[in-house]
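Asks: Below you'll find the structure I mean.
What follows draws every value from the coordinates through simple rules; no lab data is involved. Quick caveat, the model's predicted, so the values are computed rather than measured. When we count neighbours, we look across all protein chains shown, and the Cβ atoms used for this are built from the backbone with ideal geometry, even at glycine.
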Amino acid sequence: MVFYISVDNKVIGKMKFAAAGMGFAAKKAPKKYKVAFKASKKVKSPVRVSFVARAGGPLHILGMKDEIGGNYMKLAEMVEGGLPVGVIDTLANVVAPEDVGFSNKIVPPATLARRRSGESGLLSSEESARAVRAARVYDQAIGVWQNDVDARRFLRSPHMLLQERAPLDVAIRTDEGARVVEEILGKLKYGSAA
């Protein structure tokens, strides 16, 4: 049985059936993607898979996986000193490609313009922390929903446990807000009521 993998409506590879209930191995898929679903005996071939989860978690989402590897302590140090301003564009393209104002939720427009034209080209530690929180929550939402469309829909839609506020907005504002959103996502992933 052959499964076709598509990302953003573009076929990026094929997967061959390994065994019932087992995972699959992608052929010709870019390294930045990994297969994140299991097979079912009831699945008919060919199947179009709308999403293949990104490997690398928040570091990949921020575009920093190659720069710092998997060293989260180095990320913590970089947040303290300020992440490169370019992470805002990378983050916006991954988390909210249809939302032209997304970067303004992380950094006000005038401040972002100053950061881009400044010598250091770095975000403040607070702005960096907001970017990391957005990446972390988005990564967890992908883990729950297994596709970009549903993860983004969840993060943009008002949620009753967040006083009808969008989870992404709550997560960006404060670390405690991000923890509340991560708790909701954890309950959804592991079958608790959320």
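Asks: So, R0 is 30 Å and r is the distance between the beta-carbons of Ile68 and Leu161; what FRET efficiency does that work out to, to 0.05?
Replies: 0.35
Asks: As a footprinting exposure proxy, order Arg133, Arg165 by other Cβ within 10 Å, with the fewest listed first.
Replies: Final ranking by Cβ density, sparse to dense: Arg165, Arg133.
Asks: Nothing charged except the Cβ atoms of Lys and Arg (+1) and of Asp and Glu (-1): what's the magnitude of the dipole of region 57-189 about its Cα centre? Round to the nearest 20 debye.
Replies: Here the size comes out at about 200 debye.
Asks: With charges set only on the Cβ (+1 for Lys and Arg, -1 for Asp and Glu), what does the dipole of region 104-167 come to about its Cα centre, in debye to the nearest 20?
Replies: Dipole of region 104-167, to the nearest 20 debye: 140 debye.
Asks: When you count, for each residue, the other Cβ atoms within 10 Å and take the mean per peptide, how do 179-192, 136-149 rank with the highest first?
Replies: In decreasing order of mean packing, 179-192, 136-149 become 136-149, 179-192.
Asks: In region 57-189, if the dipole is taken from +1 on Lys/Arg beta carbons and -1 on Asp/Glu beta carbons about the Cα centre, which of Ala76, Gly118, Ala96 is farthest to the positive end?
Replies: Sorting the options by dipole projection puts first Ala96.
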